[in-house]
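The values are calculated or read from the model by the stated rules, or taken from the named source; none is laboratory data. In this text the structure is predicted, and so the values were computed from the model without any measurement. Quick reminder, even Gly has a Cβ in these numbers, built from the backbone with ideal geometry, and neighbours come from all protein chains shown.
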Amino acid sequence: MSPKIASNQRPRSLYEQVKKGNVLEKACPSREVLRDVTNRWGVLAILALTEETLRFSELRRKISGISEKMLSQTLQSLEADGFVNRIAYPVVPPHVEYSLTPMGEEVSSRIRDLTGWIEDNLSTIMLHRAEYSQNIAK
């Protein structure tokens, strides 16, 4: 059944009906995108690619502690979501570069705001953690 619309409104297309997600809904695809962007490795990959293009090995060195397999999976997810651009050059040995797309730059800006806030408030956060640990130990 079609939703009722006022006589002065045109019917909404299917695209218009689904173009905005609802991340709190279990089945909404926006949850998968949120997971890809905000998991530990997704955030770090986006930050590492901010304002520069890097080869796979450069990215791996820049993101301390990430395995080759996890970096590969993370980049594939971010590429599938439209945040990372992958360019493979037809040379031997293979030369592949990664950079942020315009949408990746936009999400990077938001991640930098959050990570900047965390770094600015790290001492206070660490004090709260210490207090919490002491209270739990009692």
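Worth a mention:
- Qualifying residue in the range 34-50 (condition: more than 29 Å from Ile125 (Cα to Cα) and either without any contact (Cβ under 8 Å) to a residue 60 or more places away in the chain or out of contact with any helix residue (DSSP H, G or I) (no Cβ under 9 Å at 6 or more places or on another chain) (or both)): no
- Residues (part of a strand (DSSP E or B), at pLDDT 95 or above and of a type in the set (Ser, Thr, Tyr)) located in the range 89-121: Tyr98, Ser99
- Subset of the range 58-68 (residues that are assigned to a helix (DSSP H, G or I) and over 17 Å from Pro94 (Cβ atoms)): Arg61, Lys62
- Scanning the range 86-109 for residues that are surrounded by 12 or more Cβ atoms within 10 Å (Cβ to Cβ) and of a type in the set (A, V, I, L, M, F, W, C) returns Val96, Leu100, Met103, Val107.
- Residue match in the range 37-57 (condition: more than 30 Å from Val91 (Cβ to Cβ), assigned to a helix (DSSP H, G or I), modelled with pLDDT under 95 and not polar (S, T, N, Q)): yes
- Meets criteria (closer than 12 Å to Gly104 by Cβ, without any contact (Cβ under 8 Å) to a residue 24 or more places away in the chain and of a type in the set (D, E, K, R)) for Arg86: yes
- Of the residues in the range 79-88, at least one is closer than 16 Å to Val37 by Cβ, touching a strand residue (DSSP E or B) at 6+ places or on another chain (Cβ under 8 Å) and either at pLDDT below 95 or part of a helix (DSSP H, G or I) (or both).
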